[in-house]
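K.L.:
Before anything else, here's the structure in question.
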Amino acid sequence: MQQFIDSYDFTGKKAIVRVDFNVPLDENFNITDDTRIRRAMPTLKKILEKGGAVIIMSHLGRPKKVDPKFSLSHIVDHVSECLGVPVQFAADCQKADEQAAALKPGEALLLENLRFYAEEEGKPRGLAEDASEDEKKAAKKAVKESQKAFVKKLASYADCYVNDAFGTAHRAHGSTALIAEYFPNDKMFGYLMEGEIKAIDNVLKNAQRPLTAIIGGSKVSSKLAVLKNLVGKVDNLIIGGGMGYTFIKALGGHIGMSLHEDDLMPDALEILNTAKEKGVNVSLSVATVCGQAFDNDTPRQIFDIYNIPDDWEGMDASPASLENWRKIILASKTILWNGPVGVFELPNFAKGTLQIAQDLADATAQGAYTLVGGGDSVAAVTQMGYADKVSYVSTGGGAMLEAIEGKVLPGIAAIQD
Ligand code: AMP
């Protein structure tokens, strides 16, 4: 049965908490962005305040074996500082019995990187490149077997399990999903996870209408499942950015050198047909700011999107398209934004993406619910200073994308089951 941080009695209990402390480190192992650590603090602090102790677990990077470069010992001092209590460190996540047992209420222990063990991900390591199918199968079976003992050991340290790692919620790993079965009546989401789930539900389950999705970014192929899921749910679908040119070409347009995927044109047409059948309003770009090279200082010119000359490529949304989109956005009650509508990394081609951020801020100010989730749109709103002007900015790139695709995330299902 799912529990909740606010109502659960942590007095005298030890909570094992999965967080996402996968922070970027420089060559001297200094943290260059501690957002993920700070986002986990409300949950950890609450448990300590309520008389519990915390055993914190996370991965860092993608080590394939024990590798000091990826040791969580690099961040333990900073975690202590943020949490306001000295955090102890267990140098092996599978040998922390004594340290966990000795923890008193209000104390914290950080376990070493879970991914030092192949069992965390449940994927075999060190297989020879020429391994046969049978060898691969046997290795997979072996790691799945030893994964049970790995997870059981982690679970043995604690009385309850809290998952606050939205960034890995789309993975069915030991610490993100499998461990929950050891705590059938003592498992819950942390505040960050609760916030993310509520944001997803606000858009996909309980949306106030009209509901509009703005999908941009580079390629149709990476967002195909997103588009297919959303076209059955939204009232308006705005398609911008690089992916828009595949739609325009599929509709017979001449797109010059613009980014496109010929093999995805049938899918693009299918999405447009589904939209038509369901009465969904699809808004594509009408004109586009083009460049002659993928460069900030390349000459710029606006062309009708169906008639881009051969030696030009579409790189940003034009004022005419943005005007259409602003009208739709301001008339919506719920808006989801995923993917920039231009090459926003180049300042001369960032205007369209900036305008969408402004439109979302204005829609939020007039009462709409706005979620920025998955991919580069999160980086765009954050860099442009709009993160606190929208309703919610997701912390999980891949996890949010899979949620928008309509997939059930294993990390969420393990708690809600
Ligand atoms: P995604 O990760 O799929 O959200 O894609 C983000 C990337 O799409 C960013 O790096 C943008 O520069 C890129 N992008 C957006 N519009 C265009 C465009 N018109 N041409 C090329 N790349 C684009």
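All of the numbers you see were taken from the coordinates with simple rules; none came from a lab. Note that this is a predicted model, so its numbers are computed, not measured. Here Cβ is always computed from backbone atoms with ideal geometry, including for glycine, and neighbour counts include all displayed protein chains.
K.L.:
For region 257-284 and region 352-417, what is the centre-to-centre distance using only Cα atoms, to the nearest Å?
P.N.:
23
K.L.:
Assuming R0 = 30 Å, can you tell me the calculated FRET efficiency for the pair E135 and Q94, based on Cβ-Cβ distance, to the nearest 0.05? Kindly include the intermediate steps, with their values, before the conclusion.
P.N.:
Values: r = 26 Å, r/R0 = 0.86.
For E135 and Q94, the calculated efficiency is 0.70.
K.L.:
Could you compute the longest span of the chain free of GluC sites (Glu not before Pro) located in DSSP loops and having at most 11 other Cβ atoms within 10 Å, not counting the site residues?
P.N.:
130-417
K.L.:
Using a Gaussian network model on the chain with a 10 Å cutoff between Cα atoms, which of T353, T395, T35 fluctuates the most?
P.N.:
Answer for the Gaussian network model of the chain: T35.
K.L.:
Another one. Please name which of I308, M257, S221 has its Cα lying farthest along the dipole of the chain towards the positive end, using unit charges on Cβ (Lys, Arg +1; Asp, Glu -1) and the Cα centre as origin.
P.N.:
Of I308, M257, S221, it is S221.
K.L.:
If you fit an axis through the alpha-carbon atoms of helix 319-330 and take the longest principal axis of the Cα set of the chain, what angle between them do you get, 0 to 90°, nearest 10?
P.N.:
Orientation of helix 319-330: about 50 degrees from the principal axis.
K.L.:
On to the next question. Give me the Kirkwood hydrodynamic radius of region 253-364, using the inverse of the mean 1/r over all pairs of distinct Cα atoms, in Å to one decimal.
P.N.:
Result for region 253-364 stands at 15.1 Å.
K.L.:
Here is a follow-up. If I model a spin label at N30 and K407 as a point 7 Å from the Cα along the Cα→Cβ vector, what separation in nanometres do I get?
P.N.:
3.7
K.L.:
Give the residue list of trypsin sites (Lys or Arg not before Pro) in region 99-176 that are DSSP loop and have at most 16 other beta-carbon atoms within 10 angstrom.
P.N.:
R125
K.L.:
Dimensions of the chain along principal axes (Cα, Å, largest first)?
P.N.:
Ordered largest first, the chain gives principal extents of 70, 56, 45 Å.
K.L.:
What percent does the relative contact order of region 147-263 come to when contacts are Cα pairs within less than 8 Å and at least six residues apart? Walk me through the numbers before you get to the answer.
P.N.:
Working: 121 pairs, mean separation 22.1, N = 117.
This gives 19 percent for region 147-263.
K.L.:
Which value, to two decimals, describes the C-alpha radius of gyration of region 58-214 once divided by 2.2 N^0.38 Å?
P.N.:
For region 58-214, the normalised Cα radius of gyration comes out at 1.23.
K.L.:
Follow-up question, since we're still on this one. Report the gain in length on full extension from R209 to K148: 0.36 nm times residue separation, minus Cα-Cα distance, nm rounded to one decimal.
P.N.:
On the way: separation 61, 0.36 × 61 = 21.96 nm, distance 4.54 nm.
Full extension from R209 to K148 adds 17.4 nm.
K.L.:
A further question follows. Along the charge dipole of region 1-150, Cβ charges K/R +1 and D/E -1, which of S58, A149, G84 sits furthest on the positive end?
P.N.:
Going by the charge dipole, the pick is A149.
K.L.:
A further question on this structure: Provide the gained length on full extension for the span S73 to V85, in nm with one decimal, where the gain is 0.36 nm per separating residue minus the Cα-Cα distance.
P.N.:
So the extension gain works out to 2.7 nm.
K.L.:
Still on this structure: Quick one: of the DSSP bridges fully inside the chain, what percent are antiparallel, nearest 5?
P.N.:
20
K.L.:
Continuing with this model, one more query. Show that you can apply the helix-only estimate: for the chain, add -39,500 (n - 2.57) for every DSSP H stretch of four or more residues, divide by all residues, and state [θ] at 222 nm to the nearest 500.
P.N.:
Taking each H run of at least 4 residues, the total per residue is -11000 deg cm²/dmol.
K.L.:
Counting other Cβ atoms within 10 Å of each Cβ, which trypsin sites (Lys or Arg not before Pro) in region 351-408 have at most 15 and sit in a DSSP loop?
P.N.:
Listed in order of number, the matching sites are K407.
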